[in-house]
Amino acid sequence: MDDSTISVDLLIIGGGPAGMAAALSAWDAGCRKMLILERDDRLGGILPQCIHNGFGLHRFQVELTGPEYARRDILSVLERQIPFQCGTMVLELARDRRVTAVSPDRGVQHFQAGAVILAMGCRERPRGALGIPGTRCSGIMTTGTAQRLVNLEGYMPGRRVIILGSGDIGLIMARRMTFEGAKVLACVEIMPYSSGLTRNVVQCLQDYNIPLLLNHTVIDIHGEERLTGVTLAAVDPDTRQILPETAESIACDTLLLSVGLIPENELSRQAGVTLSGITQGPVVDQNLATDIPGIFACGNVLHVHDLVDEVSAEADRAGKAAVAWLAGLQPEPGKKPAQKEPLAAVAVPILDGAGVRGVVPQYYLRPSGQDCEADGKPVRLSFRPDAVYRRTAVRIEADGKPVARF
């Protein structure tokens, strides 16, 4: 190892809610030689621009705004004196946990980590991923960009607004833009149901008489330098094919895109981490360990969460698991039992059943010579249904035999 390389036991990439919760958990589990790397100029991730309430009910048993939630973790990080670097962009992550980062004040830095926790979060799907015809005029942006402009920078993106997609941030920005005096003409959703939480549909749309157009989409964009309008059309609820006879042009100066989030996994790919084609995040075991030894993942980089409380809870487990791995207490496929080495283990796949899409973790790491029941440790499963279902039950099977139902 080069003399200029900085050695740490645990390196956490990302200083948002996942990264901070993982660091706090690892610190409380006994890890002291750790470092958080955050590319923004402050800790907190997306939370500082989320000035609405609804955060913290599960974790803190009190309703907080995004900045208030972030502040609690930031104060805990400062109280424990956990090292962190803001304004630091990670450029490379190697399979052997070598990390290269760059920052304006420190220049290029090289790190060698005993373990790495991926906590890079997710990004919004841009217009280019949608293939909407029309001009490339101003006035078209993601809802997260609009949220930052309004809540942090004090700029108003527009006055007559169409929102494409009904994710939670889109619903919340429909209300926020209304608060600021804009006219939100409609929230347009291609699916037959909203992808956001029911409470947000009620509190952000219905309470302000903002129309939610289900089975609709934007099929054209109008305007030269600035957006002047869009064309909407209904889609067939079964095939999602556009119904041209339903096309309608609406004058507007702003189109906000709330069409999904994508886990930020460029660094994961560099390290050779296997990614799920469904969640678009790393494939992990019940300890949130990827298939690259010593690399763990948590939060929205792993799979997109609905609640930040759940992000923090998952990151808490990742921090503990990383410390246990450093101590040689976690099983790892292909390793032989030996003192201060990971225990030998067998990977048991956890598969999506009917009606389920994207279960996490994707496999259960069972110590060799034990069956799943003998392990005795509960495994938390996260998943989404592939559609809206009523009066349903969830059944878990092992070798074709039901083991749980709820």
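Out of everything in the stretch 1-40 that is more than 16 Å from the chain's Cα centre (by Cα) and in a helix (DSSP H, G or I), what residue ends up being nearest to TRP325 (Cα to Cα)? Of everything passing the filter in the stretch 1-40, ALA26 is nearest to TRP325 (Cα to Cα).
Every listed requirement among (1) more than 23 Å from the chain's Cα centre (by Cα); (2) buried (at least 23 other Cβ atoms within 10 Å of the Cβ); (3) of a type in the set (D, E, K, R) is met by ASP253 save one, (2). Among the residues of the stretch 58-71, those identified as crowded, with 16+ Cβ neighbours inside 10 Å and more than 19 Å from the chain's Cα centre (by Cα) are LEU64, GLU68, ARG71. When the stretch 214-250 is limited to residues that are within 26 Å of the chain's Cα centre (by Cα) and aliphatic (A, V, I, L, M), the one that is surrounded by the fewest Cβ atoms within 10 Å (Cβ to Cβ) turns out to be LEU214. Which of the following residues is in contact (Cβ under 8 Å) with a residue 40 or more places away in the chain, within 30 Å of ALA289 (Cα to Cα) and assigned by TED's automatic domain parsing to the domain that holds ILE242: GLY114, GLY139, GLY144, GLY134? Result of the check over GLY114, GLY139, GLY144, GLY134: GLY144.
Residues in the stretch 172-200 that are at pLDDT 95 or above, part of a helix (DSSP H, G or I) and surrounded by fewer than 20 Cβ atoms within 10 Å (Cβ to Cβ): ARG175, THR178, PHE179.
If you go through the stretch 123-161 and pick out every residue that is closer than 30 Å to VAL8 by Cα and in contact with a His (Cβ under 9 Å, 6 or more places away or on another chain), you end up with 0. Can you tell me which residue in the stretch 266-293 is nearest to ALA129 (Cα to Cα), limited to those that are touching a helix residue (DSSP H, G or I) at 6+ places or on another chain (Cβ under 8 Å) and buried (at least 21 other Cβ atoms within 10 Å of the Cβ)? Looking at the filtered set, the residue picked out is GLY281. Can we say LEU164 is assigned by TED's automatic domain parsing to the domain that holds TRP325, surrounded by 15 or more Cβ atoms within 10 Å (Cβ to Cβ) and under 22 Å from the mean Cα position of the chain (by Cα)? So LEU164 does not fit the description; no.
Remark: MET191 falls outside the filter, which requires a residue to be of a type in the set (A, V, I, L, M) and either assigned by TED's automatic domain parsing to the domain that holds GLU266 or more than 29 Å from GLU245 (Cβ to Cβ) (or both).
Having 2 or more residues that are closer than 22 Å to LEU351 by Cα and in contact (Cβ under 8 Å) with a residue 40 or more places away in the chain is the bar; report the strands (runs of 3 or more DSSP E) wholly within the stretch 233-290 that clear it.
Filter on the stretch 233-290 gives 261-263.
Would you mind stating whether PHE55 is surrounded by fewer than 24 Cβ atoms within 10 Å (Cβ to Cβ) and farther than 25 Å from MET89 by Cα? Taking the combined requirement at face value, the residue does not satisfy it.
Looking at PRO157, is it buried (at least 21 other Cβ atoms within 10 Å of the Cβ), in contact with a strand residue (DSSP E or B) (Cβ under 6 Å, 6 or more places away or on another chain) and of a type outside the set (A, V, I, L, M)?
yes
The values are calculated or read from the model by the stated rules, or taken from the named source; none is laboratory data. Being a predicted model, the structure only gives us computed values, none of them experimental. A quick note on method: Cβ atoms are made from the backbone with ideal geometry, for glycine too, and the neighbour counts reach across all protein chains shown.
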